[in-house]
Amino acid sequence: MKDFMSMMKQAQELQKHMADMQNQLGDLEIEGSSGAGLVTVTLTGKGDMKAAKIDPSLLKADELEILEDLIVAAHADAKLKVEDVVKSKMQEVAGDLPLPPGMKLF
């Protein structure tokens with residue numbers, strides 16, 4: 001019974017740390033870019049897009065498809081960076097908590 005109470009206390013502590021981390025992720029801003037920096041996308045740690053910057057040199061009618069591709073690539077770059085930050089923060093919060101392979105807490 002003592003082990004169960006200890007495990008419940010750890011679960012409550014983990015839940016509090018998770019809530020704190022989610023609040024921190026909402027304030028975090030991560031940039032992704034493409035086209036050697038011609039397109040930049042800023043996402044929050046929760047994956048919400050906050051901003052997009054496009055170099056004026058890309059604003060040509062005959063390069064619309066290239067611009068669209070660069071926006072998608074910049075978003076993908078930012079998303080990968082967000083996932084890396086979230087994974088790192090999760091490892092900090094979960095510590096040595098044994099989780100099954102592939103299980104995500106966020």
Note down the relative contact order for the chain as a percent, whole number, built from C-alpha pairs under 8 angstrom at least six residues apart.
26 percent
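Fewest to most neighbouring Cβ within 10 Å: what's the order for Val86, Val39, Val93? Write down the numbers at each step before the final one.
Working: Val86 21, Val39 25, Val93 18.
Least crowded to most crowded, the residues run Val93, Val86, Val39.
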How many nm is it between the label spots at Lys9 and Lys81, if each spot is 7 Å from the Cα in line with the beta carbon?
4.1 nm
Quick calc of log₁₀ I(q)/I(0), the chain, Debye, one scatterer on every Cα, no solvent, q values 0.22 1/Å, result -1.08
Just to check I understand the Karplus step: with θ = phi - 60° and J = 6.51 cos²θ - 1.76 cosθ + 1.60, what whole-Hz values come out for the stretch 84-93, glycine and proline as x?
5, 5, 4, 4, 4, 5, 5, 5, 5, 6
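Summing Lys, Arg as +1 and Asp, Glu as -1, what charge do residues with Cβ under 11 Å from the Cβ of Ala51 carry, Ala51 excluded? Before the final figure, lay out the partial values.
Numbers: positive: Lys50, Lys53; negative: Glu29, Glu31, Asp48.
Taking every other residue near Ala51 into account, the sum is -1.
Take the alpha carbon gyration tensor of the stretch 13-60, find the square roots of its eigenvalues, order them as a ≥ b ≥ c, and report rounded if a/c is under 1.5; if not, report prolate when a/b exceeds b/c, else oblate.
Values: a/c = 6.10, a/b = 4.10, b/c = 1.49.
Judged from the Cα gyration tensor, the stretch 13-60 comes out prolate (a/c at least 1.5, a/b above b/c).
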Per DSSP H run of n ≥ 4, the term is -39500 (n - 2.57); total these for the chain, divide by its residue number, and report the mean residue ellipticity at 222 nm rounded to 500 deg cm²/dmol.
-19500 deg cm²/dmol
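Quick note: the coordinates plus some simple rules give every number you see, no bench work behind them. What you see is a predicted model; the values in this text were computed from it and never measured. Note: ideal-geometry Cβ built from the backbone for every residue, glycine included; neighbour counts use all protein chains shown.
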